[in-house]
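One structure is given below, encoded as C-alpha coordinates.
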Amino acid sequence: MLLRGLSRLLRDRRAAGPGPRWASGIAAIREQTLVAVKPDGVQRRLVGEIIQRFERRGFQLVGLKLVQAPHDVLSAHYHDLEEKPFYPALIEYMSSGPIVAMVWEGHDVVRVSRVMVGSTSPAHALPGTLRGDLCVHISRNAVHASDSVEVAKKEISLWFHHSELVEWQCCAHSNLYKV
Ligand code: UDP
Ligand code: MG
(Lines give C-alpha, C1' and ligand atoms only; values in the text may rest on other atoms or scores of the structure.)
(Ligands and ions follow the chains in the order given, each with its own letter.)
Protein backbone atom coordinates (compact mmCIF):
# COMPACT_ATOMS: atom_id res chain seq x y z
CA MET A 1 0.00 0.00 0.00
CA LEU A 2 2.73 2.42 1.13
CA LEU A 3 4.97 1.30 -1.74
CA ARG A 4 2.16 1.79 -4.24
CA GLY A 5 1.54 5.29 -2.85
CA LEU A 6 5.24 6.15 -3.11
CA SER A 7 5.51 4.91 -6.66
CA ARG A 8 2.41 6.92 -7.60
CA LEU A 9 3.99 10.01 -6.01
CA LEU A 10 7.20 9.49 -7.98
CA ARG A 11 5.24 8.94 -11.20
CA ASP A 12 3.29 12.16 -10.64
CA ARG A 13 6.50 14.07 -9.96
CA ARG A 14 8.05 12.71 -13.16
CA ALA A 15 4.89 13.55 -15.13
CA ALA A 16 5.00 17.12 -13.83
CA GLY A 17 8.50 17.46 -15.32
CA PRO A 18 11.18 20.01 -14.43
CA GLY A 19 10.44 23.66 -13.79
CA PRO A 20 10.19 26.19 -11.00
CA ARG A 21 9.25 24.71 -7.61
CA TRP A 22 5.77 26.20 -7.62
CA ALA A 23 5.03 24.90 -11.08
CA SER A 24 6.48 21.40 -10.92
CA GLY A 25 5.10 20.10 -7.58
CA ILE A 26 2.88 17.07 -7.52
CA ALA A 27 0.50 16.78 -10.46
CA ALA A 28 -2.48 16.52 -8.09
CA ILE A 29 -2.08 20.08 -6.81
CA ARG A 30 -2.28 21.33 -10.39
CA GLU A 31 -5.63 19.70 -11.07
CA GLN A 32 -7.98 22.10 -12.83
CA THR A 33 -11.73 22.45 -13.10
CA LEU A 34 -14.26 24.58 -14.93
CA VAL A 35 -16.53 26.67 -12.73
CA ALA A 36 -19.12 28.97 -14.28
CA VAL A 37 -21.45 31.55 -12.83
CA LYS A 38 -24.63 30.98 -14.82
CA PRO A 39 -26.78 33.83 -16.20
CA ASP A 40 -28.99 34.01 -13.08
CA GLY A 41 -25.88 34.29 -10.89
CA VAL A 42 -24.50 37.13 -13.02
CA GLN A 43 -27.87 38.94 -13.05
CA ARG A 44 -28.17 38.56 -9.28
CA ARG A 45 -24.68 40.07 -8.72
CA LEU A 46 -23.33 36.82 -7.23
CA VAL A 47 -20.09 36.76 -9.24
CA GLY A 48 -18.02 38.34 -6.48
CA GLU A 49 -19.30 36.02 -3.77
CA ILE A 50 -18.76 32.90 -5.87
CA ILE A 51 -15.21 33.92 -6.77
CA GLN A 52 -14.53 34.78 -3.15
CA ARG A 53 -15.51 31.29 -1.94
CA PHE A 54 -12.93 29.70 -4.25
CA GLU A 55 -10.25 32.25 -3.44
CA ARG A 56 -10.74 31.95 0.29
CA ARG A 57 -10.69 28.17 0.13
CA GLY A 58 -7.19 28.47 -1.33
CA PHE A 59 -7.73 27.60 -4.96
CA GLN A 60 -5.91 29.49 -7.66
CA LEU A 61 -7.65 31.30 -10.50
CA VAL A 62 -6.00 30.54 -13.84
CA GLY A 63 -8.73 31.58 -16.31
CA LEU A 64 -11.64 34.04 -16.21
CA LYS A 65 -13.98 35.59 -18.77
CA LEU A 66 -17.46 37.03 -19.19
CA VAL A 67 -19.14 35.52 -22.24
CA GLN A 68 -22.45 35.29 -23.97
CA ALA A 69 -22.23 31.53 -24.48
CA PRO A 70 -22.34 30.50 -28.15
CA HIS A 71 -24.99 27.91 -28.96
CA ASP A 72 -22.46 25.33 -30.20
CA VAL A 73 -20.50 25.58 -26.94
CA LEU A 74 -23.65 25.07 -24.87
CA SER A 75 -24.82 22.11 -26.93
CA ALA A 76 -21.40 20.45 -26.61
CA HIS A 77 -21.25 21.28 -22.89
CA TYR A 78 -24.66 19.71 -22.19
CA HIS A 79 -24.41 17.01 -24.87
CA ASP A 80 -25.15 14.23 -22.33
CA LEU A 81 -28.44 15.86 -21.35
CA GLU A 82 -29.91 16.46 -24.80
CA GLU A 83 -32.54 13.73 -24.38
CA LYS A 84 -33.76 15.12 -21.06
CA PRO A 85 -37.13 16.90 -20.99
CA PHE A 86 -35.57 19.99 -19.39
CA TYR A 87 -32.86 20.32 -22.09
CA PRO A 88 -34.56 23.04 -24.23
CA ALA A 89 -35.29 25.11 -21.11
CA LEU A 90 -31.69 24.57 -19.93
CA ILE A 91 -30.24 25.88 -23.20
CA GLU A 92 -32.61 28.85 -23.14
CA TYR A 93 -31.61 29.61 -19.53
CA MET A 94 -27.89 29.32 -20.28
CA SER A 95 -28.34 31.61 -23.32
CA SER A 96 -30.38 34.19 -21.45
CA GLY A 97 -27.43 36.39 -20.51
CA PRO A 98 -23.71 36.41 -19.92
CA ILE A 99 -21.87 33.69 -18.04
CA VAL A 100 -18.63 34.06 -16.08
CA ALA A 101 -16.46 31.10 -17.01
CA MET A 102 -13.48 30.31 -14.81
CA VAL A 103 -10.74 27.76 -14.43
CA TRP A 104 -9.63 27.04 -10.87
CA GLU A 105 -6.58 25.01 -9.93
CA GLY A 106 -5.51 23.14 -6.82
CA HIS A 107 -5.41 19.92 -4.88
CA ASP A 108 -8.48 17.77 -5.61
CA VAL A 109 -10.20 20.86 -7.00
CA VAL A 110 -12.73 18.93 -9.12
CA ARG A 111 -14.16 16.98 -6.19
CA VAL A 112 -13.92 19.83 -3.69
CA SER A 113 -15.62 22.27 -6.08
CA ARG A 114 -18.59 19.95 -6.44
CA VAL A 115 -18.88 19.79 -2.65
CA MET A 116 -18.65 23.60 -2.45
CA VAL A 117 -21.31 24.01 -5.15
CA GLY A 118 -23.73 21.50 -3.58
CA SER A 119 -26.51 19.31 -4.96
CA THR A 120 -27.96 20.04 -8.39
CA SER A 121 -31.27 20.89 -6.77
CA PRO A 122 -30.80 23.84 -4.40
CA ALA A 123 -33.71 22.44 -2.38
CA HIS A 124 -31.44 19.53 -1.45
CA ALA A 125 -28.18 21.48 -1.27
CA LEU A 126 -26.80 21.85 2.22
CA PRO A 127 -26.39 25.24 3.86
CA GLY A 128 -22.79 26.32 3.43
CA THR A 129 -22.74 25.24 -0.20
CA LEU A 130 -23.17 27.86 -2.92
CA ARG A 131 -26.45 26.43 -4.17
CA GLY A 132 -27.61 25.79 -0.60
CA ASP A 133 -26.93 29.41 0.36
CA LEU A 134 -27.80 31.32 -2.79
CA CYS A 135 -30.54 29.55 -4.75
CA VAL A 136 -33.95 27.95 -4.35
CA HIS A 137 -34.78 25.99 -7.53
CA ILE A 138 -33.06 23.48 -9.83
CA SER A 139 -33.97 25.54 -12.91
CA ARG A 140 -31.86 28.48 -11.64
CA ASN A 141 -28.96 27.04 -9.68
CA ALA A 142 -26.45 29.85 -10.32
CA VAL A 143 -23.24 27.90 -10.70
CA HIS A 144 -21.66 25.06 -12.64
CA ALA A 145 -18.68 22.90 -11.71
CA SER A 146 -17.21 19.99 -13.70
CA ASP A 147 -18.11 16.61 -12.24
CA SER A 148 -14.93 14.59 -12.93
CA VAL A 149 -11.31 15.17 -13.86
CA GLU A 150 -11.94 13.84 -17.39
CA VAL A 151 -15.00 16.03 -17.88
CA ALA A 152 -13.10 19.03 -16.47
CA LYS A 153 -10.40 18.63 -19.13
CA LYS A 154 -13.01 18.51 -21.89
CA GLU A 155 -14.99 21.46 -20.50
CA ILE A 156 -11.89 23.62 -20.02
CA SER A 157 -10.83 23.05 -23.63
CA LEU A 158 -14.38 23.74 -24.80
CA TRP A 159 -14.68 27.09 -23.01
CA PHE A 160 -11.07 28.31 -23.08
CA HIS A 161 -8.35 28.54 -25.66
CA HIS A 162 -5.06 27.34 -24.17
CA SER A 163 -3.63 30.87 -24.51
CA GLU A 164 -6.37 32.23 -22.22
CA LEU A 165 -5.10 30.22 -19.24
CA VAL A 166 -2.42 31.86 -17.14
CA GLU A 167 0.32 29.98 -15.29
CA TRP A 168 1.33 32.20 -12.43
CA GLN A 169 3.14 31.94 -9.14
CA CYS A 170 0.85 32.25 -6.14
CA CYS A 171 2.70 33.80 -3.19
CA ALA A 172 0.43 31.90 -0.76
CA HIS A 173 1.59 28.56 -2.17
CA SER A 174 3.85 27.57 0.73
CA ASN A 175 1.06 28.33 3.20
CA LEU A 176 -1.31 26.04 1.34
CA TYR A 177 0.97 23.13 0.37
CA LYS A 178 4.14 21.50 1.55
CA VAL A 179 5.12 20.12 -1.86
N1 UDP B 1 -31.27 20.86 -14.67
C2 UDP B 1 -32.59 21.26 -14.70
N3 UDP B 1 -33.55 20.37 -14.28
C4 UDP B 1 -33.25 19.13 -13.86
C5 UDP B 1 -31.90 18.71 -13.84
C6 UDP B 1 -30.93 19.61 -14.25
O7 UDP B 1 -32.90 22.38 -15.08
O8 UDP B 1 -34.16 18.36 -13.48
C9 UDP B 1 -30.22 21.81 -15.11
C10 UDP B 1 -29.52 22.49 -13.96
O11 UDP B 1 -29.20 23.81 -14.36
C12 UDP B 1 -28.25 21.66 -13.82
C13 UDP B 1 -27.96 21.38 -15.29
O14 UDP B 1 -29.24 21.11 -15.85
O15 UDP B 1 -27.24 22.35 -13.16
C16 UDP B 1 -27.03 20.23 -15.54
O17 UDP B 1 -27.54 19.07 -14.91
P18 UDP B 1 -26.57 18.08 -14.14
O19 UDP B 1 -27.37 16.85 -13.81
O20 UDP B 1 -25.31 17.92 -14.92
O21 UDP B 1 -26.31 18.85 -12.77
P22 UDP B 1 -25.01 19.61 -12.22
O23 UDP B 1 -23.80 18.85 -12.69
O24 UDP B 1 -25.05 21.03 -12.75
O25 UDP B 1 -25.16 19.58 -10.72
MG1 MG C 1 -23.27 18.17 -14.58
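Assorted remarks:
- Rolling a 1.4 Å probe over the protein heavy atoms gives the stretch 33-96 an accessible area of 56 Å² per residue.
- Extension reserve of the residue 27-residue 166 stretch, reckoned as 0.36 nm per residue once the Cα distance is removed: 48.4 nm
- Straight-distance candidates among the lysines for linking to residue 153, with alpha-carbon spacing under 24 Å and chain neighbours fewer than 8 residues away dropped: 38, 65, 84.
- Given the chain, longest segment not containing exposed loop chymotrypsin sites (Phe, Trp or Tyr not before Pro) (DSSP; at most 16 other Cβ within 10 Å): 87-167
- Protein-only accessible surface order, largest first, of 153, 178, 84 at 1.4 Å: 178, 153, 84
- Ellipsoid semi-axes in whole angstrom, largest first, where each is sqrt(5λ) of the Cα gyration tensor of the chain: 30, 17, 16
- Whole-percent carbon and sulfur share, accessible surface of the chain, 1.4 Å: 57
- Qualifying GluC sites (Glu not before Pro) for the stretch 56-118 [loop in DSSP, other Cβ within 10 Å: at most 11]: 82, 83
- Among 61, 176, 104 - extreme Cα towards positive end, dipole of the chain, charges at beta-carbon: 176
- Per the Kirkwood formula applied to alpha carbons, the stretch 23-103 shows a radius of gyration over Rh ratio, Rg over Rh, of 1.04.
- Residues residue 65 and residue 137, FRET efficiency given R0 of 35 Å [Cβ-Cβ distance, rounded to 0.05]: 0.85
- Computed over the stretch 30-159: relative contact order in percent, which uses C-alpha pairs under 8 Å that are six or more apart: 39
- Beta bridges from DSSP with both residues in the chain: antiparallel share about 95 percent, rounded to the nearest 5.
- Approximate spin-label separation residue 44-residue 86, in nm, with each point projected 7 Å along Cα-to-Cβ: 1.4
- Average accessible area per residue (Å²) across the stretch 131-179 - probe 1.4 Å, nucleic acids and ligands excluded: 66
- Expressed per residue, the C-alpha convex hull volume of the stretch 68-124 stands at 117 Å³.
The values are calculated or read from the model by the stated rules, or taken from the named source; none is laboratory data. Everything numeric in this text was worked out from a predicted model, so none of it was measured. Note that each Cβ is placed from the backbone with ideal geometry, even for glycine, and that neighbours are counted across all protein chains shown. Only protein heavy atoms, including side chains, enter the accessible area calculation; ligands, DNA and RNA are left aside. Shrake-Rupley method; radii C 1.70, N 1.55, O 1.52, S 1.80 Å.
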